[in-house]
Each structure stands twice: as C-alpha cells, then as structure tokens.
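Trainee: Sharing a structure below in structure tokens format, with a few things to ask.
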Amino acid sequence: MAFSLIQPLFSIPVAAIDVETTGTSSLHGHRIIEVGIARYENGRKVAEYQQLIDPRRRIDSIIVNLTGITQAMCDGQPTFVEQIPAMMPYLSGAIVLGHNIRFDFSFLLPEFRQSGDELPQALGNPHVVDTLFMARRRFGRGGNGLGNLARRLGYQPAAAHRALPDAITTGAIFELLLGPVGGWNICLCDCLLEQGGPMGLLPRQSSASLVADDNQG
C-alpha cells in the first residue's frame, strides 16, 4: 500500500517486528526460532503476534543462554513457511519498524525465499523505520542497544531477548524518540528524516551482525 510522504503518521499502520535466531548469521545457515510483531494503528497498539518456530537445526548454546529458548521449545513447532499466512495480516499495509532491523531482514529474506516469495514483494515494498538509526542521530553512535536505549528514555521493558517483548519495546522507543518532534502527528517524510532518510528492505551489505556495538544491552 502506498502512503503519501505528507500523510500524518497516525493515519499509517506501523508493524514493529523482532526475530530470535539460532545463531548470529544467516550466511552460516542460521534460522529464525521466534517471531514477534506489534501492530499500531491510529497511534496505538491494536494487535500482537508471537510464535516459536522450528528451525530444523540446532540452536547455538549462546542463544539458549541469551533468550531462554531451548531446542525442546522449538522442536515440533511450525516452520517459518507454515507460519507466513498467520503473520502476514500483522505486517501487510504497514510501515515496517525494527531496532537494528537489517539484522532481522537478513534472516527474514531467506526465510521468505524458502516459500518461493520475495519479502519486498510480499509486503508491497513498504517504508522501513529503524529506531537504531533514529537513536544514532539523536545520541550519537554507541550505547544505543535496545535495553540501554529503553533505560535512557525511561521505559521499562517487560522482558528482553524475546521476540514480542522486544517488538513492543521497539514500538515504545519509537514513540518516545518521536515525542519531541510531534509524535504520531508528524508527517511520514519527517518521520523518515529522523533516521536520516528512506530505507528499503534489501540490505546494503552482504551480512548483518548480532553484536554490532549499538546492539548491546
């Protein structure tokens, strides 16, 4: 769905998404183990989606320790491809929002290709907003991990390193970062300027890192 750049943000659905994964790089065959989406309409959260995913491979021990998601929790769950029809209503017709979203996209792109589809076409080539880029423009580089940023802005997450709580935290940080410049009342073009300009779903680099300095904490 196409939106006018002068359209007020509150009139545009926003889908905050986060994924947990078996390891740090999709280039090494790692897969998604959990998806969380928080959808916002008219400036408020209206729907949530969370699902564990069977990655059909081993989960690295560092990920188990970080997320608390074990192999037993994922074995026998639906595969990502099987869950695409269930998650699409939460993503369709919306701006896609994330924190360090290039990492999420680096896993979502190959997962969608497994279904024979391309993510940009499946979502209608949406606008993309990254709260990490917004934070870097506001506070400079370093120390902008999701947890650190939440504390800096006075938001207390319900949990960390799980897909839906992190998606909800991203949505809350998005609102807090936009607050000083008009919040949900600003136009789409001004929202995009807060991260330095438009962003697409396709990566500018061949890989994304789980442990980039801004993604800590």
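Trainee: Of the chain, which part is the longest with no trypsin sites (Lys or Arg not before Pro) in a loop (DSSP not H, G, I, E, B) and with at most 14 other C-beta atoms within 10 angstrom?
Mentor: Working: sites that count: ARG56, ARG57, ARG58, ARG141, ARG204.
Result, exposed sites excluded: 59-140.
Trainee: Per the helix-only calculation at 222 nm, which mean residue ellipticity applies to the chain, given -39500 (n - 2.57) for every DSSP H run of n ≥ 4 and division by its residues, nearest 500 deg cm²/dmol? All intermediate terms of the calculation are to be shown ahead of the outcome.
Mentor: On the way: 9 runs with 81 residues, N = 217.
Calculated from helices alone, the mean residue ellipticity at 222 nm is -10500 deg cm²/dmol.
Trainee: How much length is gained on full extension from LEU202 to GLN77, taking 0.36 nm per residue of separation minus their Cα-Cα distance? List each step's numbers first, then the result.
Mentor: On the way: separation 125, 0.36 × 125 = 45.00 nm, distance 2.81 nm.
Value of the extension gain: 42.2 nm.
Trainee: Highest GNM mean-square fluctuation, the chain, Cα pairs closer than 10 Å: which of ALA15, ALA160, ALA135?
Mentor: It is ALA160.
Trainee: Another one. Lys and Arg at +1, Asp and Glu at -1: add these up for the other residues within a Cβ distance under 11 Å of GLN50 and post the number.
Mentor: Numbers: positive: ARG162; negative: ASP18, GLU20, GLU34, GLU48, ASP166.
Charge balance near GLN50 sits at -4.
Trainee: Residue by residue through segment 181-189, which ³J(HN,Hα) values in whole Hz follow from phi under the Karplus form 6.51 cos²θ - 1.76 cosθ + 1.60 (θ = phi - 60°), with glycine and proline marked x?
Mentor: Those phi angles translate into 10, x, x, 5, 7, 6, 7, 4, 4 Hz.
Trainee: Still on this structure: Give me the distance in nm between label points sitting 7 Å out from Cα along the Cα-to-Cβ direction at ASP117 and SER61, one decimal.
Mentor: According to this spin-label approximation, the distance is 3.8 nm.
Trainee: Roughly how far apart, in whole Å, are the Cα centres of segment 136-157 and segment 31-61?
Mentor: If you average the Cα positions of each part, the centres end up 22 Å apart.
All of the numbers you see were taken from the coordinates with simple rules; none came from a lab. Given the structure is predicted, the values throughout are model-derived calculations rather than measurements. Note that we place each Cβ from the backbone using ideal geometry, even for glycine, and neighbour counts take in every protein chain shown.
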